[in-house]
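Written out below as structure tokens is the structure these notes cover.
The values are calculated or read from the model by the stated rules, or taken from the named source; none is laboratory data. Values in this document were obtained by computation on a predicted structure and should not be read as measured data. Glycine also receives a Cβ, built like all others from the backbone with ideal geometry; neighbour counts cover every protein chain displayed. Heavy atoms of the whole protein, side chains included, go into the accessibility calculation; ligands, DNA and RNA do not. Shrake-Rupley method; radii C 1.70, N 1.55, O 1.52, S 1.80 Å.
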Amino acid sequence: MNTFEYAVPKKVDEVFTFLKEPGSQIKAGGIDLLDLMKEGLTQPQRLVHIRSLEELHYIKQDGRRGIIIGPTVTLDELSSSDKLQDAYKALSQAALAAATPQIRNVATLGGNLCQRPRCWYFRSADFDCSRKNGKTCYAFDGENQYHAIFGNDEGCVIVHPSATAAALMALDAKLKIASEKAEREIPISEFFVMPSANMASEHILKQGELITEVIIPPLTPGWTSYYYKQKEKQSFDWPIAEVAVVMHLHEGKCTDSRIVLGAAAPIPWRIQKAEALLKGNMVTKELAQRAADAAMKDASPLSKNEYKIQVFKTVIARTICWAAGIDPLK
Ligand SMILES: Cc1cc2nc3c(=O)[nH]c(=O)nc-3n(C[C@H](O)[C@H](O)[C@H](O)COP(=O)(O)OP(=O)(O)OC[C@H]3O[C@@H](n4cnc5c(N)ncnc54)[C@H](O)[C@@H]3O)c2cc1C
Ligand code: SF4
């Protein structure tokens, strides 16, 4: 690991001043960043520690804007917040499903959204793959059992690693992004980028920019949500399939929904074919399964991950049922 300076701003304005120094990088919980530094994948000259900034640490409810969350709220705090119940519970379920209790105590929402991919070739200093300026995607013809089944024709077949991203996309969240001179709000669906748009980053943030707020618009009565993660082993593990469903129900009929898959594509992946099948219909186990099957028709598995299609079919159908208050296992 390289030597580096450690800056501790006392307020948000100072973050931008510290970030001006070339080679500066934001550090929140440091769970991913320090891993990347130890692996030699990033060598910042200065870490700007934002996790102790109270200005960025809150979960507020605002009648007009919805639920507003500061980026340094930890995954543990998200998982236990009484503001993230009922229609918003997909986010607390996603936070609770991620990593281990020790990690959730430190890892922040902002860091979870900006973490780098887990592809083992990317994480290993021995493989100079396309995402690290090399010329080859080693996973494409290699060990790709945990890689993408959608959007995998752009030279890099990672899956997006963030559980909270899938839930927030289904909740139609927005992100406030600030730099020293400007501030803007964007839909979270515009935050993540496919490999063809930028192979070097998974999101649109530029040097000197900071996520300062995550905003979940208000949900009227009738909206419900659910997140589920399928792992290979029962103790902590990364997902092989994860699904977030946000749905509006009226007398058992689905009037609207957003369904987003994690661990499926280089970005959180919305499955609009499934949403279209649900719309205007009574939600039943059979309909949920038909929607899941329809969503998977567009999948294009790699040499070692065809198994994911059946896993996703089951997890999507079950998560739709849970969101609709139906027990899929009965
Ligand atoms: C064993 C293990 C299992 C895991 N399992 C899961 C899992 O199942 N699901 C899952 O989702 N995650 C999982 N994780 C990942 C973990 O949740 C993330 O590494 C963590 O959430 C990152 O948050 P952090 O605050 O530590 O970020 P940091 O490591 O501090 O930062 C990560 C990146 O985000 C940037 N950043 C941080 N905050 C901001 C901000 N406000 N604005 C702009 N940029 C910012 C940093 O510059 C850095 O590039 C796992 C990790 C481990 C080690
Ligand atoms: S999937 Fe992406 S990160 Fe993994 S080897 Fe291929 S190019 Fe590299």
19 Å Cα-Cα reach of Lys11 towards lysines, excluding residues that sit fewer than 8 places from it in its own chain: Lys20, Lys27, Lys176, Lys181
Centroid-to-centroid separation of segment 285-313 and segment 251-281 [C-alpha atoms, Å]: 13 Å
Protein accessible area in the chain, 1.4 Å probe - carbon and sulfur %: 50 percent
Contact order normalised by residue count of segment 39-89, Cα under 8 Å, 6+ apart, percent: 27 percent
Gyration tensor verdict on segment 111-266 (Cα atoms; rounded if a/c is under 1.5, prolate if a/b is larger than b/c, oblate otherwise): oblate
Prolate/oblate/rounded call for segment 200-275, Cα gyration tensor, a/c under 1.5 rounded: oblate
Listed pairs Lys229/Lys297; Lys60/Lys330; Lys206/Lys273; Lys233/Lys253; Lys83/Lys233; Lys231/Lys304 exceeding 28 Å between Cα atoms: Lys60/Lys330; Lys206/Lys273; Lys233/Lys253; Lys83/Lys233
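Could you work out how much longer the chain between Ile204 and Asn281 gets when fully extended? Use 0.36 nm per residue separation minus the Cα distance between them, nm to one decimal. Could you put the intermediate results ahead of the total?
On the way: separation 77, 0.36 × 77 = 27.72 nm, distance 3.70 nm.
Working it through step by step, the gained length comes to 24.0 nm.
On a 1.4 Å probe surface of the protein chains, which of His160, His248 comes out largest in accessible area, and what is the full order?
Values: His160 5, His248 35 Å².
Ranking His160, His248 by accessible area, largest first, yields His248, His160.
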Shape parameters for segment 267-330, alpha-carbon atoms, Rg then Dmax in Å: 12.0, 37
Convex hull of segment 221-326 built on C-alpha atoms - directionally averaged projected area, nm²: 6.7 nm²
Separation between Cα centres of segment 90-111 and segment 228-249, rounded to whole Å: 13 Å
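At 4 °C and a viscosity of 1.567 mPa s, what translational diffusion coefficient does Stokes-Einstein give for the chain, taking Rh as the Kirkwood radius over Cα pairs? Give it in µm²/s as a whole number. List each step's numbers first, then the result.
Details: Rh = 20.3 Å.
The estimated diffusion coefficient comes to 64 µm²/s.
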Percent breakdown of C-alpha pair distances by 10 Å bin, ordered from the shortest bin, for segment 1-50: 29, 55, 16, 0
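Kindly provide the helix-only [θ] at 222 nm of the chain, computed as the sum of -39,500 (n - 2.57) over DSSP H runs of four or more divided by all residues, to the nearest 500 deg cm²/dmol?
On the way: 11 runs with 91 residues, N = 330.
My calculation for the chain gives -7500 deg cm²/dmol from helical runs alone.
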With all protein chains modelled, accessible area of Thr314 [1.4 Å, Å²]: 40 Å²
Of the DSSP H helices in the chain, those whose Cα atoms cover at least 20 Å axially and whose Kyte score averages -1.0 or more: 307-323
Residue-wise HN-Hα coupling along segment 204-210, computed from phi with Karplus coefficients 6.51, -1.76, 1.60 (Hz; x: Gly, Pro): 8, 4, 9, 3, x, 9, 9
Distance (nanometres) between label positions extended 7 Å along Cα→Cβ at Thr17 and Asp128: 4.1 nm
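For a protection proxy built on the mean count of beta-carbon atoms within 10 angstrom, sort 196-208, 2-14, 167-179 highest first, please. Before the final figure, lay out each step's value.
Working: 196-208: 14.7, 2-14: 12.7, 167-179: 23.4.
For the peptides 196-208, 2-14, 167-179, the packing ranking is 167-179, 196-208, 2-14.
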Cβ-derived FRET efficiency at R0 22 Å, Ser196 paired with Thr42, nearest 0.05: 0.45
Segment 1-148: C-alpha gyration tensor shape, a/c 1.5 cut-off, then a/b vs b/c: oblate
Alpha carbon centroid spacing (whole Å) that separates segment 142-192 from segment 3-46: 22 Å
